[in-house]
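Down below is the structure, laid out as structure tokens.
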Amino acid sequence: MDFSELGHHNEIKDSLNKILGKECSPEKLKEFDVEFKHNETLISLLAINGYLGLGIHEQYGGSGEDLYELGILFECLGFHAAPLSLTGCLIDVAQTIQKFSQADNHKSILSSIIKGDIYTSAILEPFNQDTENPITRAEINGDKLIINGTKYLSELASIAKKILVSVTSNEGVLLVLVDSSQVKLTQLTSTANSPVFKVEINDVTIDRSSIIHAQGKGLEALRYLIQINMVMRSYLALGVTEKMTSLIATYTSERKQFGRVIGTFQAVSHRAADCFIELECLRLVNQQACINLNTNLDCENDALIAKIWAGNTCHKISYSAQHLHGGAGVDKDYVLWRYCLLAKECELINGSASQNIEKLGINITSNQ
Amino acid sequence: MLIQLNQQQAKLKEELHEYFKGLITPELRTELNNTEFFEGGGPEFKKAMRTMGADGWIGLSWKKELGGKELSPMEQYIFVETVMRTGFPFPFLTTESVGPMIAEYGSDWAKEEIATKILDGELIFGIGYSEPNSGTDLASLQTKAIKQSDGYLINGQKMWTSLANFSDYIWLAARTDFEVKNHKGISMFIVPTDDPGFSLSPINTLGDVRTNATFYENIKVPDTHLVGEQNQGWSLITSQLNLERLALVNHGPVEELYKNVLQLAEKTKINNDQSLIDLSWVKQNFAQVYSGIEALKLICWKQTWIMESGQLNMAEASVAKVYGSEFFIEAYRLLMEIIGEISLLKNDSELNVLNARLERMYRTASILTFGGGTNEVQRDIIAMAGLFMPRTR
């Protein structure tokens, strides 16, 4: 048993906090309250300093396949409310290709991502919460696949070099790469103003070589993608809720009413303490899921538990933070509002708490 | 970062599991199902304690030179977990809190007579801390011990002295100085329950756990019954609080209960085709409990690791206490919902399930949210030590 952070983990965290702290000051964040929330300078900075290679094997120029390091990155991105939507690129595309692809041309995507090129995924479908069973179809015709369907909430699709799409075919589930030029993209405006797109795929023809995994491994690869996405989104949620809790502690230790700082009222300090407890639970279930996913490709229950805690914690801490800040919390000149929006995204994307409770329930009762 | 038991720890768990299988005889199980004896004190319980003493399973936290095993906090946690899973009312406070303090700070008499017998499984202590007017504010206690030429004269009353009805001694906190600040005037004594000045009256509680009010009238004890220096008792009271609190919220028993209810739900047919476990809301209740247990396990393991690495982290210990005690209440509720009305039947009733454990546990659950350091005080500690907020008033 050892819960200590390794020295180099702390170094990664410190140095990321330095970079992100500078690039995500309230003034700079304001510059990205625009239609396309994406800080290219920050991407380059992360690339130059090697942080886009966290969790990627050394042979592609990364820093090694330790998912724990990738978790630190997403925790930091959440903590600073960074104007970067990178789950599609760094998790869905990079990690799934790393684990499941055998083709050199696919693996070369890893080196490209490390340099700062954007790739993305299109996995989620409107009104289909059963992500393992895509409605999007691929008709296989010899060496060609013809794809039809609609995906949404695809991050940064307009600047992505390739889009990783989940489809159902008569060979089962497949993960395939398509060019963004082959599909119709429409930007959607979402609650946290993240740059997400609707992806319409109409009779798009691709080669069989665009399938990123070995034959028969599609479902396994998609399940892995969903699980690692859940865990890393939970790390994003951890960063977001850590920041909100620290804002609560600072604000209530300064704000005075009735001649004393409001943090000295037990009703206030106890609500803050409850946030601390939630946060500690979220951190621990994330760590467990991350460590297990490092050595095991299928840890669905650990991932579900992390995402369940992430969903509940985001909800509870967000409203506690707003409440304890009073009017300051909802004022867009203060910083809290951005975190509240991000918290809702972390809570709902790729499985809500209730949905995941149902899944976990099925899993833990099925082996009986 | 490594979140799992190592080989040695896993082996210990296995070993203890096997040991308790042998220790808990059907006779002992029957005795423990009797309300009068489920906290211990019966003849089979006493026999089992002596066996454990002889087999070297008492004194796990004690230093080796005091005759103990000097197990690490993690190993102690595993021991507590395994014992609690069996339901055996192991007297942790006597053997793991009072015992090592007497062995270390007691007089020669106390070391030879008392500490040795605790290790042998011969003695049980009741804990005399709380009083009618001193609960959460324990340092305000008023039971007094007046120094005389040949010992101390003790007068006062204690509340919630559990096990006093079958214990041999009371580990008593008494005021020896009324002039100094509250916590600076307290000393610890070993008080024999066969003294004519000792009496008790039972307090029957919601959970059918018997506890007692205990009375101390002109009890005279020799100087050898003082443990530690006079007026230095407070540090003995607080020295092992973190370990004690952690033992209260060990994840073992609730996980055991979860497993038992899961098996029951699988066996229980609700019609020709379906078992209880096939209902979607039942699965969801199980998932709520399971995701809560996982968090509790991790919190406890982390707190144990913190102690093992010699760090002091007050906020984390309080997180474990608050989260654990409040989660138990929620978990019992969710599991009782699954079993339904039949979980209302008591253990002497026909048709009861799982020895009516849930029927009793929901009635005892509230003890932990206020006992062992009330959760309000724990939240105060979390806000101060974890979030660096100002002290509440």
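Out of all the residues in region B:293-315, which are more than 8 Å from every other protein chain (Cβ to nearest Cβ), surrounded by fewer than 22 Cβ atoms within 10 Å (Cβ to Cβ) and assigned to a helix (DSSP H, G or I)?
B:I293, B:K297, B:M307, B:M314
Out of (1) more than 31 Å from the chain's Cα centre (by Cα); (2) among the hydroxyl-bearing types (S, T, Y); (3) crowded, with 21+ Cβ neighbours inside 10 Å, what's the single condition that is false for B:Y290?
Evaluating B:Y290 over (1) more than 31 Å from the chain's Cα centre (by Cα); (2) among the hydroxyl-bearing types (S, T, Y); (3) crowded, with 21+ Cβ neighbours inside 10 Å leaves (1) as the failure.
Looking only at residues in region B:119-148 that are farther than 19 Å from B:D380 by Cβ and β-branched (V, I, T), which one is nearest to the chain's Cα centre (by Cα)?
Taking the candidates together, the pick is B:I127.
What residue, of B:K184, B:K158, is modelled with pLDDT of 95 or more, basic (K, R), touching a Leu at 6+ places or on another chain (Cβ under 9 Å) and closer than 16 Å to B:G233 by Cβ?
When all the criteria are applied, what remains is B:K158.
Residue-wise test of (1) of a type in the set (K, R); (2) part of a loop (DSSP other than H, G, I, E, B); (3) modelled with pLDDT under 95.
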site	(1), (2), (3)
B:V80	no, no, yes
B:R85	yes, no, yes
B:T95	no, no, yes
B:V98	no, no, yes
B:A110	no, no, no
B:I118	no, no, no
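Does at least one position in region B:55-73 carry a residue that is touching a residue at least 24 places away in the same chain (Cβ under 8 Å), within 14 Å of chain A (Cβ to nearest Cβ) and under 18 Å from the mean Cα position of the chain (by Cα)?
Checked against the condition, which is being touching a residue at least 24 places away in the same chain (Cβ under 8 Å), within 14 Å of chain A (Cβ to nearest Cβ) and under 18 Å from the mean Cα position of the chain (by Cα), region B:55-73 yields at least one hit.
Considering region A:251-283 alone, what residues qualify as being farther than 22 Å from B:K321 by Cα, more than 7 Å from chain B (Cβ to nearest Cβ) and either touching a helix residue (DSSP H, G or I) at 6+ places or on another chain (Cβ under 9 Å) or in contact (Cβ under 8 Å) with a residue 24 or more places away in the chain (or both)?
Those that are farther than 22 Å from B:K321 by Cα, more than 7 Å from chain B (Cβ to nearest Cβ) and either touching a helix residue (DSSP H, G or I) at 6+ places or on another chain (Cβ under 9 Å) or in contact (Cβ under 8 Å) with a residue 24 or more places away in the chain (or both): A:Y251, A:E254, A:R255, A:K256, A:I262.
When you check A:A343 against the structure, is it buried (at least 17 other Cβ atoms within 10 Å of the Cβ), within 11 Å of another protein chain (Cβ to nearest Cβ) and not polar (S, T, N, Q), yes or no?
no
Would you check if there is a residue in region B:242-262 being over 30 Å from B:A356 (Cα atoms) and out of contact with any helix residue (DSSP H, G or I) (no Cβ under 6 Å at 6 or more places or on another chain)?
Looking through region B:242-262, none of the residues is over 30 Å from B:A356 (Cα atoms) and out of contact with any helix residue (DSSP H, G or I) (no Cβ under 6 Å at 6 or more places or on another chain).
For region A:284-296: of the residues being more than 7 Å from chain B (Cβ to nearest Cβ) and crowded, with 23+ Cβ neighbours inside 10 Å, which is nearest to B:V377 (Cα to Cα)?
So, considering only residues that are more than 7 Å from chain B (Cβ to nearest Cβ) and crowded, with 23+ Cβ neighbours inside 10 Å, the one nearest to B:V377 (Cα to Cα) is A:N286.
For region B:255-292, name all the residues that are touching a strand residue (DSSP E or B) at 6+ places or on another chain (Cβ under 6 Å) and within 10 Å of chain A (Cβ to nearest Cβ).
B:E266, B:S275
If you take just the helices (runs of 4 or more DSSP H) that sit entirely in region A:1-50, which of them hold at least 1 residues that are surrounded by 15 or more Cβ atoms within 10 Å (Cβ to Cβ), within 14 Å of another protein chain (Cβ to nearest Cβ) and in contact with a helix residue (DSSP H, G or I) (Cβ under 6 Å, 6 or more places away or on another chain)?
Where helices (runs of 4 or more DSSP H) fall fully within region A:1-50 and carry at least 1 residues being surrounded by 15 or more Cβ atoms within 10 Å (Cβ to Cβ), within 14 Å of another protein chain (Cβ to nearest Cβ) and in contact with a helix residue (DSSP H, G or I) (Cβ under 6 Å, 6 or more places away or on another chain), they are A:7-23.
Quick check on this structure: which one of A:N10, A:N49, A:N17 is touching a residue at least 60 places away in the same chain (Cβ under 8 Å) and over 14 Å from A:L86 (Cβ atoms)?
A:N17
Examine region B:206-213 for a residue that is farther than 30 Å from B:R363 by Cβ and within 26 Å of the chain's Cα centre (by Cα), and state whether such a residue exists.
No, region B:206-213 contains no residue that is farther than 30 Å from B:R363 by Cβ and within 26 Å of the chain's Cα centre (by Cα).
Answer yes if at least one residue in region B:6-22 is part of a loop (DSSP other than H, G, I, E, B), hydrophobic (A, V, I, L, M, F, W, C) and away from every other protein chain (no Cβ under 14 Å), and no otherwise.
No, region B:6-22 contains no residue that is part of a loop (DSSP other than H, G, I, E, B), hydrophobic (A, V, I, L, M, F, W, C) and away from every other protein chain (no Cβ under 14 Å).
Tell me, please, whether a residue that is in contact (Cβ under 8 Å) with a residue 24 or more places away in the chain, within 11 Å of another protein chain (Cβ to nearest Cβ) and not β-branched (V, I, T) can be found in region B:352-375.
Yes; the residues of region B:352-375 include at least one that is in contact (Cβ under 8 Å) with a residue 24 or more places away in the chain, within 11 Å of another protein chain (Cβ to nearest Cβ) and not β-branched (V, I, T).
Working carefully through the options B:I58, B:I3, find the one that is hydrophobic (A, V, I, L, M, F, W, C), modelled with pLDDT under 95 and within 30 Å of A:Y68 (Cα to Cα).
Exactly one residue qualifies, and that residue is B:I3.
The values are calculated or read from the model by the stated rules, or taken from the named source; none is laboratory data. Every value quoted in this text rests on a predicted model; they were computed, and no experiment measured them. Positions of Cβ are generated from backbone atoms using ideal geometry, with glycine treated the same way; all protein chains shown enter the neighbour counts.
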